[in-house]
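Chemist: What follows is a structure written as structure tokens; I'll ask about it next.
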Amino acid sequence: MSIATALIDSSALIHNYQQIKKRAPNCLVVAVVKANAYGHDALYVASILEPYADYIAVARLSEAIALRHHGISKTIILLEGFFSGDEVPLLEKYQFQPVIHNLEQLNALQRYRLTKAITVWLKIDTGMHRLGVRPEQVESFYQQLTTLDNVATINLMSHLCHADSLTIFTTDQQIMLFNQCIKGKTGLKSLAASSGILEWPKTHYDLIRPGLILYGISPFNNKLATDFNLIPVMTLKSEIIAVRDHAAGECVGYGEIWCSSRKTKLAVAALGYGDGYPRDVPVGTPVMINGVRYPIVGRISMDMIVIDLGEKTAVNCGDEVIFWGKELAVEEIAKQANMSPYELVTRLTGRIKREYL
Ligand SMILES: *Cc1c(COP(=O)(O)O)cnc(C)c1O
């Protein structure tokens, strides 16, 4: 095995896709693979899901072009659209469907002459207040879009800002606003990302946009992905590179933030914040070695993590350490680190080797 590896399980990915599809059997599905598929390798994930998904989505043009250059032929949605006029011809060339959310994009679409009109996704701001056309401007924006020769089809979308809470009214208000804005308009409608897909069936419309849950990670604070019959796709692992005797009263690592109250053995694992593991997890954050949980002690270093094995241990140098995966949920580590699981998987660095199962 190799040191510091993210093992990506394609059968878990397909399982999750099918579970998602089961929740919305009549919906089209776009597999969201932005930010290197949340750290899971966008090209690999896209190639596994291409036979299943109806669309692939990324945030940026550069991500979409990279997928095309590596042989992904499925229609790709650009969730933030295009950023400058000279990118318009690329939309036609590569079969990208941009999200349209501002006047600059509208004007750029007007200026360029394409040989074949494209499909666009009109983004409506129903409450996220980040990107999108304000509800009161949707009608005129939509009418302007319909006059463009370059636009063949106008689909409609919006994004939920608080769907990970089931007790907040915002989602209901967003659904109501979305319904008002799409009334009488043809084209596909889409509102739900992971949280909406799992807990808000009313948000499913024609097309659902799963990201996080494809990877077997829950968007909810108080639930694990396994509660929804999803399987973690990534196992983050490395190797023990030393097992050392440690005396009572001795501390370990930078800042001496932990000192042992007893004689013990400490393992050193080859992974650190230089790989993307969060530096500020508390002492006691678990790892798994040979199916058993052990606590991290001392501060996370750039390249190493120290683990307390206890005095009597069967763990040896060279054994595998799991930092998260099927038996140790990334949601649990995220909670320990006081971070979002979205961020935890996305921030893995280039030093982590990807392996595929
Ligand atoms: C990232 C993104 C998604 C996927 O979100 P998840 O919560 O990861 O499922 C869906 N739609 C849009 C517009 C996004 O930007």
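The values are calculated or read from the model by the stated rules, or taken from the named source; none is laboratory data. Values in this document were obtained by computation on a predicted structure and should not be read as measured data. Counting neighbours? That spans all protein chains shown, and the Cβs are built from the backbone with ideal geometry, glycine included. The protein model used for the area step is the full one, side chains on, heavy atoms only, and it has no ligands, DNA or RNA in it. Shrake-Rupley method; radii C 1.70, N 1.55, O 1.52, S 1.80 Å.
Chemist: Probe of 1.4 angstrom, ligands and nucleic acids ignored: what's the accessible area per residue over the stretch 1-155, in square angstrom?
Modeler: 44 Å²
Chemist: Let me check I've understood the local charge: for residue 149, count other residues with C-beta under 14 angstrom from its C-beta, Lys and Arg +1, Asp and Glu -1. What total comes out?
Modeler: Summing Lys/Arg as +1 and Asp/Glu as -1 gives +2.
Chemist: Here is a further query. Can you tell me what share of the DSSP beta bridges in the chain is antiparallel? A percent to the nearest 5 is fine.
Modeler: Around 50 percent antiparallel, to the nearest 5.
Chemist: Here's a follow-up. Based solely on its DSSP helices, what 222 nm [θ] is calculated for the chain when runs of n ≥ 4 H residues each add -39,500 (n - 2.57) and the sum is averaged over all residues, nearest 500 deg cm²/dmol?
Modeler: Roughly -7500 deg cm²/dmol at 222 nm, from the helical runs in the chain.
Chemist: Continuing with this model, one more query. Which cysteines does the chain leave without a neighbouring Cys Cβ under 4.7 Å?
Modeler: 27, 161, 181, 317, each lacking another Cys Cβ under 4.7 Å.
Chemist: Could I ask something else about it? Would you kindly state how much longer the chain becomes between residue 50 and residue 112 on full extension, computed as 0.36 nm times their sequence separation minus their alpha carbon distance, in nm to one decimal?
Modeler: 19.3 nm
Chemist: For the stretch 250-335, what is the accessible area per residue in Å² when the probe is 1.4 Å?
Modeler: Value for the stretch 250-335: 44 Å² per residue.
Chemist: Next question. Give 21/223; 189/326; 21/123; 22/116; 223/312 a once-over and call out the pairs whose C-alpha atoms are over 28 Å from each other.
Modeler: Cα-Cα > 28 Å for 189/326; 22/116; 223/312; rest within.
Chemist: Only four residue types carry charge here, +1 at the Cβ of Lys and Arg and -1 at the Cβ of Asp and Glu. Report the dipole size of the stretch 1-146 about the Cα centre in Debye, rounded to the nearest 20.
Modeler: 220 debye
Chemist: Counting pairwise Cα distances across the chain, what percent come out greater than 40 angstrom?
Modeler: In whole percent, the share of Cα-Cα pairs in the chain beyond 40 Å is 24.
Chemist: For the stretch 159-296, with all protein chains present and a 1.4 Å probe, just round the carbon and sulfur fraction of the accessible area to a whole percent.
Modeler: 52 percent
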